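Take a look at the structure set out below.
Just so it is clear, none of the values below were taken in a lab; they were calculated from the coordinates. What you see is a predicted model, and the numbers here were worked out from it, not measured in a lab. So basically every Cβ, Gly included, is an ideal-geometry build from the backbone, and we count neighbours across all protein chains shown.
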Amino acid sequence: MSRPGATATAVDGPSAAPLLARVAAQARWEAGTMLRNGEQVLLTLVLPALVLVGLARTEVVDLGLAAGERPVDVVAPGVLALAVLSTAFTGQAIATGFDRRSGVLRLLATTPLGRGGLLAGRVLGVLAVEVVQVVLLGAVAVAVGWRPDPVGLLPGALLVLVATAALTALALLLAGVLRPEAVLAVANLVWAALLVGGGLVVPAAALPGPWAALVHALPSGALGEGLRRASADGTLDVRALLVLLAWAAVAALAARRWFRWD
Amino acid sequence: MAGRGAGGRAGGADLDSPAVGGPPDGSPSGAALRVRGLVKRYGARTAVDGLDLDVAAGSVTALLGPNGAGKTSTVECCLGLRRPDGGSVEVLGADVLRAAADPDHRAAVGAMLQDGGLPTSARPLRLLRHLARLHAHPRDVDALAERLGLPAFARTSVRRLSGGQRQRLALAAALVGRPRLLFLDEPTAGLDPAARLVVWDLVREAVAEGAGVLLTTHDLDEAERLAQHVVIVDGGRALATGAPGVLTARSTASLRFTAGPGLDLGPLRQALPEDVVVSEPAPGSYVVSGDVDPQVVAGVTSWCAQRGVMPDALSVGRPSLEEVFLDLTGRSLR
């Protein structure tokens, strides 16, 4: 009954692909899944692009511009911060919430990928999508007149990296404790609330007094203000970086403590 | 050469004795899975209560039990998805928690979970290719997909697949890494008969290549056809274990027929020897058990003839696994 044809292929015992190949495959899978999902693309590219063009070309919102500042100078870095929030927080929270319910996290935990590989792949997938967002939205911003300081690319990238860690950890925390429907509602609500009053697109300076101070301490405000500073004069907003590092540390610890895989 | 010698075992052989097949790599006992005294509690409720379980390389062990018997908890403990509260679980010769932490060990274990675990927005072939990339020596994805008829719905997202299509994709996902130990949690639930045969063929092929399979099922026919070893569980405990043929041979022969419900069995009981028991376990379904000999058969049929009752589906024989199961648990599987 043992058929030579059937056993000849089983010479090599099963083994995992190398760690980097597994994580790269997962990152590719995650980025591909995000970019194929219509709602995600709406959230991560279409809405930020509309906000960008709408606010840069009109004066419907008071942006509290300083003398000589153009709307696009304030709005373009803010929209990039909004794009990071969309992908790293809102998109990740919703996707993780539903993946948790449908058992995707459990199934992937049994594959050679494992939980650590899944987490690493997700974060890299988010970063890959962010690169696509920055390229596309940056091109739109330049087309409507944005002229950022090229030196600001480095501090900007650093802030995006740390903000991604903080926002992804917050997304996992949210997705790990609430039902997916609640995650969907909360994540979208937070996105809309931070868009309006989180220091993303509308600078903290244009917000009412005590609120402005608070916004500087939010991850959204820190990222928005930090990217504005980087694009304006190419310098690193150290306070913003420290705020984001603190959020990343606390959120990662909390997610580690409360996240549930099933 | 993992478990190659174990492929030729005839179905129905008694596996109560230790496995006789060639031991797989890294597992001196030849056991793909060895569970001893497994306990799993959720708060005050004990889901698995001291369960013993073995899966030999190159064979199928079926875990049979009604809903809530502890089957899925057992599978989850064996996959490292849940931490056991007691007992030991050895997967391919290594402790389960150590095995679950090792990517190469996970590569050697395939799982088809009951909740599927397939990402709902994914397209089948893209998902299968992705899972294959996690392995160093995966199966040929196109050939596997072809066998399971996946190309017919390759462009449909998992969300829109029928239950049977999802099952087939989940099985492909479990097989893609050429596992040496395969967990199948109700693999053919919701499949049409043709798809079921394909699944059985694939499981037999994996077994012929030396894989050990732990199968949970409600389908006793499936257990009888596929498994060399059956463990009947209820309340988290093993009620009976053995080869399907051994389990059914434990019971005596019986005569069964169906007729209108509620027949007066009193006269029949009087007409038959005292040690023969007559019962109607379900309305219209009659069982005569004990020392069923030609005299008893004649007694039953003449009693029917006197009353003008047609004994439909009249049969004499050993009980099926389903009947053994019913006797042990007092519950129906379906």
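Shown for B:49, B:140, B:219: other C-beta atoms within 10 Å of each C-beta, ranked fewest to most, produce the order B:140, B:49, B:219. For the segment B:160-166, counting C-beta atoms of other chains within 10 Å of every residue's C-beta and taking the mean gives 0. When B:209, A:181, B:322 are sorted by how many other C-beta atoms sit within 10 angstrom of their C-beta, beginning with the fewest, the order is A:181, B:322, B:209.
Applying Stokes-Einstein at 10 °C and 1.306 mPa s to the Kirkwood radius of region B:252-317, computed over alpha-carbon pairs, gives a translational diffusion coefficient of 137 µm² s⁻¹. Peptide A:15-28 has a mean of 4 when you count, residue by residue, the C-beta atoms of other protein chains within 10 Å of its C-beta.
By other beta-carbon atoms within 10 Å, ranking B:176, B:75 with the fewest at the front produces B:75, B:176. What the pair-distance distribution of region A:1-152 shows, using all Cα-Cα distances binned every 5 Å from zero, is 2, 9, 15, 16, 13, 11, 9, 8, 6, 4, 3, 2, 1, 1, 1, 0, 0, 0 percent. One equal scatterer on each Cα of region B:4-248, no solvent, Debye formula: the resulting log10 I(q)/I(0) at q = 0.10, 0.11, 0.16 Å⁻¹ is -0.44, -0.53, -1.17. Here's the picture: charge each Lys and Arg Cβ at +1 and each Asp and Glu Cβ at -1 in region B:4-248, and of B:215, B:44, B:128 the one pushed furthest to the positive end of that dipole is B:128. Look at the stretch B:132-141: the mean tally of other chain Cβ atoms within 10 Å of its residues' Cβ atoms is 6.
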